[in-house]
Structure formats: structure tokens, C-alpha cells
Amino acid sequence: MACLFVKFSAFFGGKDLFSGMVSSSVSRILRPFLGVIALTVFLGACAANPETAGLQPGDPQTIQIAQSDSGQGGSDAWAESESGDFGPEADDNDPLEVPNRMFFAFNEALDFMIIRPVAVTYKFIVPTGVRNSVRNFLRNLRTPVTLANDLLQGNLDRAEITFTRFFINSTIGLLGVFDIAAESGFAYHDEDFGQTMGTYGAGEGFYLVLPILGPSSLRDGGGRIVDIFLDPLTYIAPQEFNLGRTVATGIDFRSRNIEELDSLKADSLDFYARIRSLYRQLRENEINNGAPSDEVPNFSEIPGQATSSLE
Amino acid sequence: MRHRISRLLFAPAVLALAIWLQPAAADALDTKQAANFLANLQEKAAERLGDASISEKEKEDHFRKLFQENFDLPAIGRFVIGRYWRGASEADQKAFLAVFEDAMVQRFLPLLAEHSSTRFQIGTVTADSANNSMAIIDSRIDRTEGEPYKVSWRVREANGDFKILDIVAEGVSMAITLRSEYGTVLKNNGGQLPPLTEALREKVQRGAFAPQIN
């Protein structure tokens, strides 16, 4: 795990550039995060499986670690469930489950007391049109990060769409308040550095629940930090503006998922485990840009036609 | 003249060849049939469930019947329980499947009742390259507000009959999510199926599976 991070900092010009970038205001913003990341990298290194340590991102084995929730809906998973032929106990890839569950409970309490009421109120008093404009504006602010990650993924088509959107929406869309570009066929998409690492074959590392920010993973949590560096607003906008923007993005997201999250929680037996699985599947879907993921190689010995009886 | 005879002979030969090749082609799943299966199911569900003159009880009975006929519930239940299935007694397995069916009916009845066929569109059908009895059917459900839902259905064919194994919405698979969640619950209680069944039953009795539509 730690080696993965060393690799990525090397990718961005090595230690000198890294420390050069951490200048005054940025370092103030990031100091708390760096502590958390240093800790997670340290814990990650300790928790890393001896056999997996030293693997490079992109190795087939690295991809398969931590994918307990993805690539398992393939036909061989169904065949396996019918033959009752299971390998070793499935790994949840959640070595920090105990602290994760603590943060999860903390986030749930916070959501119950503050975030959900604010989101419900916001949705109730602000008309849909205005809320959509708020989202358009926030999305437009995020364009540089999306563009950088489109380019880092080598996806020039999507980079072009992102750039065109930014150009159209920032001008005739009045600084992004109106999403004119989407009506002209340039649909919105989101990219982040966690996804970029995913497209190069990096596994999630392990599951992580961040305080306030919610479900994440070693890869995606690290990606968030890189995205802060990739964002020009980090360097030019006042810190208060960036904080307000983060809060607004969170409230916008929450206000659009009120019923969904309520339903998800209502019929769950273990809400933590459910969200963990959902997060992984959604990330996998985002990394593949909505295309079905490559299924794990097929076992040639699929047991005979499954019977749908109880024997 | 001779040319015509050879032509006349040629046509039956082609036909014979086609018939001879038929079984080989039939081994792979017919994607058109799969799409028809889903379209028919949706129509049958929407026709009765959207009818305001039918009582809720009748709707539920009707939907339960459709569900039993068109979903491979035992296979789904077994998939969701995974490694702990074999360790459970037959009675426990049966009890679980009964409650699981109630939960699924409670979950999907309102959703199907909501979607009239004009808003439900079937897209491409992809045969599963790793298993020739399975296919993934893409569909799109339009909403009055917001982006349409992208929903995929994993179906399996056996002797010309199709059954649904899984529903995948926006990349999230119902079967994988439940398997992961229930797997964690089972692991934490020593792999015992009955407590899980009880917890599910309690949720079903409270109506927790019914989606909260405002």
C-alpha cells in the first residue's frame, strides 16, 4: 500500500515538487488530512498481506485484492452458489472494520442531527430550478479537476466534452448557473483521481469510512487529496469559499438522496455492510464509466444445469 | 435448364443444412426471446397492478404469482446466503426462502405498479459469454423528474423458460449487495441462518421493504 503512494508522488515530480506545492495556505488546509493519510498509509502497510506487499499497481493480482464486491455477479458466482463449492472465506477487505464502524456510527448521528434536517429543509424551501442551478454552478467549479483526470486517464473524447462544457457554461451559461451544454448534447460526467488510479488497475486498497465525508477507501481517500492539489481554486480562492463549496456540495448530494437513503436503511439488516457493498459497486461502475466490468475469468467446470429446488 | 435444376436442388440443400445446424444455434440463448420474456412480464405486471379497481390484496396475490413464475427465488436465496447455505438444515432453508419471498414481493410490487409500459423500454440484450444459458437485458425506466433509471436484468434460460436471477440498477446488483450484507450478518452470528430469517421476518412485518415513495 505504501509503495503505491510512493509511486504516485514520484509520478507528480517527486518529493521536491510535492513539498514545494505545500505552501502556506494549502498546507494549512491539508495539515489535518496529511495526518490522517500518514496514519492510514502506516496502518495500510501494517495490514498489508505479506503475499501482496510489493505488488505494483496494474498487476492482475493487485486488481483482484479488495474486489470482494465487484466482479462477483458473473455467471461463475452463480454456478459457485449452486454447487456449494466455495473457496476460503470471502474477505471483506475491511481490516479497519472496528474504527470504520465507529466513524460510521458517528456520521449517522451527525446525519440524523444536522445533515439530513438541513438537506430536507433545503429541498423543501428552495424550488427545484434554483437547486438545479446551484448544482450546475458547483459542477462547473469542479470542471478543472474532472478535465485533469480525463486527461490523466488518456480519455481525450471525454476531456473534449468537459472542456466544451466549461467553455459554454461559463460564458452563455452565466458562470455555470445554467447547464446549456447538456442541452446541446454535452452531458455532464464526473472524474476524480481515485477513479484515475482505478483505470490504471489500482485496487481499492481497503475500505475506509472518513469522518463527515463518509464511505471511501485507501485509493479514493488518497485520490481526494490529489484532487485538492489538482484544483486551481485551492490556490486562488479564499479558504472560506472552498469550505463553503464543500459543504454546499454535500448538502446538494444529500438533498437528492433523502428517500433513497431512507429506504436503503429501512430494510437493511446491517446498514454498514450494505453501504460498504454499495460504495464498492458504485465506484467500480464509475471507474468503468458505466460500462459493464470485465468479468472474472470463467471456470470451465460449471456444474450441470442448476435445479431450482432445495436439495 | 441445367442451371435451374441445380438451383432447385440447391434450395432444399440449404434448407436441410439450416435444419441440421439448428440445434447448434439453439444451444446459445436466443436474445430476442429473452427480450420478449421481459417485455411480456412487464406488460402483465403493469396491466393488473396499474388497475385502480383491483383491491390491494388481489394485486399482491397476482404479483406473487408472477414473481414465483418469473424469478428464480430459490437460486437467488441460495446465492445471497452463499457459503452458509449448505450448513443450514432443510427446514431452515425453506423458512428463509418463504420470508425472503415476502420481502421481495413487498419491495418490488409498488415499483412495478408504478411503471407503465410507456415508461419502460428494453434495450440491448447481451448473452453471457461465460455461460450460454444466461443473458443480461438492459432496460431504461423513465421518471417524471430527473434522469431515467438504467436497470439491467440477469436472466437464465432453461428449456425455453426464462427466469430472473438479478436486478442491477446503475451498476449496483441486488444479489451482490444482499449477499455481501447478509454474509456479514451471518459471519457475525456464527453462520446461523435462523436469526437472519427472524430479523428479516420482523422487517417484513413492519413493512420495511416497501419503498418509501412520497
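Laboratory data are not the source of any read-out in this text; all were calculated from the coordinates shown. Bear in mind that the values here come from a model prediction, so they are computed numbers and not experimental data. All Cβ positions, even for glycine, are placed from backbone atoms using ideal geometry, and neighbour counts span all protein chains on display.
Computed from phi, the 3J(HN,Hα) profile of region A:219-228 under the Karplus parametrisation 6.51, -1.76, 1.60 (θ = phi - 60°) reads 5, 6, x, x, x, 4, 5, 4, 4, 4 Hz, with x in place of Gly and Pro. Amide H contacts under 5 Å for residue B:71: B:164, restricted to partners 5 or more places along the chain or on a different chain, H placed in the peptide plane at 1.01 Å from N. Given axes a ≥ b ≥ c from the Cα gyration tensor, I'd like to know whether region A:99-158 is rounded (a/c under 1.5), prolate (a/b larger than b/c) or oblate. Oblate is the answer for region A:99-158, as a/c is 1.5 or above yet b/c matches or exceeds a/b. Taking a point 7 Å out from the Cα of residue B:43 in the direction of its Cβ, the residues of region B:118-143 whose backbone N falls within less than 16 Å of it are B:118-123. Over region B:57-214, Cα pairs under 8 Å with separation of 6+ residues give a relative contact order of 27 percent. Across q = 0.14 Å⁻¹, region A:206-253 modelled as identical point scatterers on its alpha-carbon atoms has Debye log10 I(q)/I(0) values of -0.41, in the order of the q list. Within straight-line reach of residue B:32, meaning a Cα separation under 25 Å, sit the following lysines at least 8 residues removed in sequence or on another chain: B:44, B:65, B:150, B:163.
Given R₀ = 35 Å, what would the calculated FRET efficiency be for residue B:52 paired with residue A:187, taking r from the Cβ atoms and rounding to 0.05? Intermediate values should be presented prior to the final figure.
Details: r = 37 Å, r/R0 = 1.06.
Step by step, r from the Cβ atoms, then E = 0.40.
Separation of region B:57-79 and region A:263-280, taken as the distance between their Cα centroids, equals 23 angstrom.
Where a ≥ b ≥ c are the square roots of the eigenvalues of the C-alpha gyration tensor, would you call region B:138-214 rounded, which needs a/c under 1.5, or, failing that, prolate if a/b is larger than b/c, or oblate? Judged from the Cα gyration tensor, region B:138-214 comes out oblate (a/c at least 1.5, b/c at or above a/b). Under a 5 Å amide H cut-off, with hydrogens placed 1.01 Å from N, residue A:202 pairs with A:58 among residues at least 5 apart or on other chains. Taken over the Cα atoms of region B:83-197, the convex hull encloses 150 Å³ per residue.
On the basis of the beta-carbon distance and an R0 of 35 Å, residue B:31 and residue A:289 show a calculated FRET efficiency of 0.90.
Here region A:265-282 is scanned for amide nitrogen atoms under 15 Å from the site 7 Å beyond the Cα of residue B:205 along Cα-to-Cβ, giving none.
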